[in-house]
Amino acid sequence: MLYLDQVGLLSEKIDELSLKLRETTKSNEDMRGLCTVPGAGPVTAGAILAFAPDLRAFKSGRNLAARLGLVPRQHSTGGKTCPGGVSKMGQSDIRRLLIVGAMSLIRWIVRKGVLPDNWLGHILGRKVRMVAAVALANKMARSIWAMMTGEQTYRMA
């Protein structure tokens, strides 16, 4: 019985927080703009606005993606570059949210049954889904940087 009471209290708290998040999304222009990026929702938008450093401090979108840990680790010697796996450095919360959003977008595309004839379709045709999700999360981070620094809305590339 004690556990059921705790579950009820937690459910009420989650509902309150969801309502606050929806209200904040409606009133905050930056959050509304970030929610237009496919795979990014109110939680991701709120996390980026709350936890990411000032995006204008980054020289390019690649630098932001590197800060979030969405670029391959580099091992190079003698002029030969050997890219490794994704580094676990950087802001793990935002990285995780971007990857989850990218994975949900990929699941939706695969469930639809038709791979698009664009960048994402070509990646999904060659790579494992998780690798494609990290690549898409990297692209999402770069798009977010371009949107926020240029004060633009999302444009399909």
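Values in this text are rule-based calculations from the coordinates and carry no lab data. Computed from a predicted structure; not experimentally measured. Methodologically, a virtual Cβ is constructed for each residue, glycine included, from the backbone with ideal geometry; neighbour enumeration extends over all protein chains shown.
Results, tabulated for the structure shown:
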| item | result |
| --- | --- |
| Note, ³J(HN,Hα) from phi for region 100-114, Karplus 6.51, -1.76, 1.60, rounded to Hz, x at Gly and Pro | 5, x, 5, 5, 5, 5, 5, 4, 5, 5, 5, 5, 5, x, 10 |
| Residues of type lysines that residue 59 reaches as a straight line, Cα spacing below 27 Å, ignoring anything fewer than 8 places off in the same chain | 80, 88, 139 |
| Within region 27-41, backbone nitrogen closer than 14 Å to the virtual label 7 Å beyond the Cα of residue 151 toward Cβ | 29-30 |
| All lysines inside 25 Å of residue 26 as judged from Cα atoms, apart from same-chain residues fewer than 8 positions distant | 13 |
| Estimated distance in nm for a label pair at residue 63 and residue 36, the labels positioned 7 Å out from Cα along Cα-to-Cβ | 2.5 nm |
| Structure-based [θ]222 nm, the chain - -39500 (n - 2.57) summed over DSSP H runs of at least 4, per residue, nearest 500 | -21000 deg cm²/dmol |
| For the chain, built as a Gaussian network whose Cα springs stay under 10 Å, the top-fluctuating residue of 64, 17, 34 | 17 |
| Per-selection metrics, region 30-150 (Cα): Rg and Dmax in Å | 14.7, 47 |
